[in-house]
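Report on the structure given below.
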């Protein structure tokens, strides 16, 4: 297979369809970890009602969206900055992290490298895997006297791609050790009870929490995320970026999503049923190891190259699983699959049992 055009993110359905030899709409996508319930009825209604707003600029300051987020997160609106997805906010985190020596636990979401590299940030990567491929605890790798005194830390929780969750008991001591701590909580909405550090932001001025509304609320095409941090820091970030980064439709969709309790309840009913069931099913697949996850995806390790498994899934079953080639520490024997509906999860399990046997 030609590796030159291999996607570095999930959800590249055009690439998957070309490999499968089928139309895009026939691909069953397990590569992108998005809520499979789709848009909630409240979001659809809000978008329909506000289509005429396209001829207007977005609301200055996004006050209504910040108020909705503030009520949802139980923090002041002044401590919230909406963004064009978590990726846009990570860019400004990268600019601020460039003032420090940043410690980056790996494997890590590859967009962190882009954000840090854009501003020439000094970076030290520390692997979460030992020489035998066993996963280490976070405190094992950060208990290192070689870490500079004015270091910063960038990590995500739950961790992508492993799905591991670090509790607040593990993370809070790091806020006293590092000059700046940026935590990407894009998958935290799937963790109940939450282990978010957002309640601690007002106590620790060196803490920045970035998150996404696109995963849980199925809004990836609209690009919507938010940052919770000290208002002075958010004002600085705002001064660095374009004046209208969140479009009007994303704004109204976000407000509607946060207020759609029926959709939130349906999502939790699906998640609590399907997440443990898929994990149990993956544990039964021969020649495959699945890692426990607190998120809506699972990291897999196969005996044969996962890129081969990925190709066979596409060509035989039109199922798109994500390889982990964009995580250099993992390589070709690791893959990742999202959590989908019960029926789709069964299709994945059936296909993996045939391919991996």
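Could you pull the Rg and Dmax for segment 215-315, using just the Cα atoms, both in Å?
Taking only Cα atoms of segment 215-315, I get Rg and Dmax of 19.6, 54 Å.
Can you tell me how segment 182-272 classifies by the Cα gyration tensor, rounded, prolate or oblate, using a/c under 1.5 as the rounded cut?
oblate
Tell me, in nm to one decimal, what length is gained between residue 301 and residue 179 on full extension, where the rule is 0.36 nm per residue of separation less the Cα-Cα distance? Don't jump to the answer; show the numbers that get you there.
Numbers: separation 122, 0.36 × 122 = 43.92 nm, distance 3.58 nm.
Fully extending the segment from residue 301 to residue 179 adds 40.3 nm.
Can you classify segment 78-208 as rounded, prolate or oblate using the Cα gyration tensor, where a ≥ b ≥ c are the square roots of its eigenvalues, rounded means a/c under 1.5, and otherwise it's prolate if a/b beats b/c and oblate if not?
rounded
For residue 54 and residue 265 in the same chain, what is the full-extension length gain: residue separation times 0.36 nm, less their Cα-Cα distance, in nm?
Separation in residues times 0.36 nm, less the Cα-Cα distance, equals 72.9 nm.
Apply 1/(1 + (r/R0)^6) to the Cβ-Cβ distance of residue 242 and residue 76, taking R0 = 25 Å, and write down the FRET efficiency to the nearest 0.05.
Rounded to the nearest 0.05, the efficiency is 0.55.
Among 188, 325, which comes first, second and so on when ranked by fewest other beta-carbon atoms within 10 Å?
Listing 188, 325 from fewest to most nearby Cβ atoms yields 325, 188.
What do the square roots of 5 times the Cα gyration tensor eigenvalues come to for segment 1-133, in whole Å, largest first, as semi-axes of the equivalent ellipsoid? Can you show the working numbers first?
Working: eigenvalues 197, 157, 44 Å².
Value: 31, 28, 15 Å, ordered largest first.
What does the highest-first list of 294-304, 118-128 look like by mean Cβ count within 10 Å?
Output ranking for 294-304, 118-128: 294-304, 118-128.
Sort 104, 51 by Cβ crowding within 10 Å, fewest neighbours at the top.
Fewest-to-most ranking of 104, 51: 51, 104.
Take the alpha carbon atoms of segment 244-262, find their center, do the same for segment 99-173, and report the distance between the two centers in whole angstrom.
31
In nm, what is the difference between 0.36 nm times the number of residues separating residue 124 and residue 353 and their Cα-Cα distance?
Length gained between residue 124 and residue 353: 78.5 nm.
Just to be sure I follow: if Rg is taken over the C-alpha atoms of segment 41-259 and Rh is the Kirkwood radius over the same atoms, what is Rg/Rh? Working shown, then result.
Working: Rg = 17.6 Å, Rh = 18.0 Å.
That ratio equals 0.98.
What ranking of 27, 210, 264, 44 emerges when the number of other C-beta atoms within 10 Å of each C-beta is taken as an exposure proxy, fewest first?
In order of increasing Cβ crowding within 10 Å: 44, 264, 27, 210.
A short reminder: the numbers here are calculations on the coordinates, not readings from a lab. Because the structure is a prediction, the values reported are computed rather than measured. Please note: Cβ atoms are built from the backbone with ideal geometry, for glycine as well, and neighbour counts cover all protein chains shown.
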